[in-house]
Amino acid sequence: ELASEPADTDEFLVSDAGTLKRIDYSLIKGGGITNAQTFKVTTNTNISGSGYLQSNIADTSLAGYAGKGSIVSQSSGTFSFSSTGYYLIMWTFYAEFTVSGSQDTGTFEIQVTNDNSSYKDMIRIGKMFDFAENTADGISLQCLVNVDNTSNDKVRFGYGTGNGHDGVTIYGSDSSGNYNRCVMTFIRLGDSV
């Protein structure tokens, strides 16, 4: 037996065991990315030895940017989630080592905790500079993080100790605010797994 044709464009017909049924489109539409946010470092930030970015972090506010949702927040460089989910996290920045000698090495990492205490490196890259006059570079890291406990799962962006370094400077937004040089992006791809 055929169901009557849809009353308007918000309905469609589905065959179920030989019977056509009306389905309200509003019950299945949606999906896609529900949260996408970018944070920036506002001014040049120095990190001595090893550590992580703890200050000068704000929401990105450049023309053309519009975050979607507001699930991620940060306090003193520790990023928290108000909703569980499977997140793509990206850190893109311009950094310069503070070099006292002719060589410097160090690491940059996206750090994650699942117990609100012990952090592990989800991704780590090492950088080496052979000459003191060439110590700056653009760097990009990304990883996937499963957030299934909003009280315990947190993220921060760190710098690890290396050989012969005196620290690192993470460059912030330019002085006129026309562009960013360090951004941390969070995109919720779907439900936690």
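Considering only residues of the stretch 45-64 that are open to solvent by 80 Å² or more (accessible area, probe 1.4 Å) and either in contact (Cβ under 8 Å) with a residue 24 or more places away in the chain or of a type in the set (S, T, N, Q) (or both), which is farthest from residue 175 (Cα to Cα)?
48
Take residue 106 and decide whether it is without any contact (Cβ under 8 Å) to a residue 60 or more places away in the chain and not polar (S, T, N, Q).
no
May I ask you to verify whether residue 193 is over 26 Å from residue 48 (Cα atoms), modelled with pLDDT of 85 or more and not basic (Lys, Arg)?
For residue 193, the condition - over 26 Å from residue 48 (Cα atoms), modelled with pLDDT of 85 or more and not basic (Lys, Arg) - is met.
In the stretch 71-99, how many are over 14 Å from the mean Cα position of the chain (by Cα) and over 14 Å from residue 147 (Cα atoms)?
Count: 8.
For the stretch 66-80, name all the residues that are of a type outside the set (S, T, N, Q) and either open to solvent by 80 Å² or more (accessible area, probe 1.4 Å) or closer than 18 Å to residue 158 by Cβ (or both).
Selection gives 66, 68, 72, 77, 79.
Given (1) open to solvent by 20 Å² or more (accessible area, probe 1.4 Å); (2) in contact with a strand residue (DSSP E or B) (Cβ under 8 Å, 6 or more places away or on another chain); (3) more than 23 Å from residue 172 (Cβ to Cβ), identify the lone condition not met by residue 114.
Status for residue 114: all satisfied but (2).
Restricting attention to the stretch 137-167, and to residues there that are farther than 16 Å from residue 89 by Cβ and modelled with pLDDT of 80 or more, which single residue is least open to solvent (accessible area, probe 1.4 Å)? Don't jump to the end; show me each part of the working.
Within the stretch 137-167, the first condition is being farther than 16 Å from residue 89 by Cβ, and the residues that meet it are 137-138, 149, 151-152, 159-167.
Now drop any that are not modelled with pLDDT of 80 or more, which leaves 137-138, 149, 151-152, 159.
Working: 137: 50, 138: 50, 149: 59, 151: 75, 152: 50, 159: 3 Å².
The selected residue is 159.
Output the residues belonging to the stretch 173-186 that are closer than 22 Å to residue 88 by Cβ and open to solvent by 30 Å² or more (accessible area, probe 1.4 Å). Quick ask: steps written out before the conclusion?
In the first step, residues of the stretch 173-186 are kept if they are closer than 22 Å to residue 88 by Cβ; the result is 180-186.
Hits for the stretch 173-186 are 180, 181, 183.
The values are calculated or read from the model by the stated rules, or taken from the named source; none is laboratory data. Since we're looking at a predicted model, the values are computed, not measured. All Cβ positions, glycine included, derive from the backbone under ideal geometry; neighbour counts span all protein chains shown. Areas reflect the complete protein model, heavy atoms only, side chains present, ligands, DNA and RNA absent. Shrake-Rupley method; radii C 1.70, N 1.55, O 1.52, S 1.80 Å.
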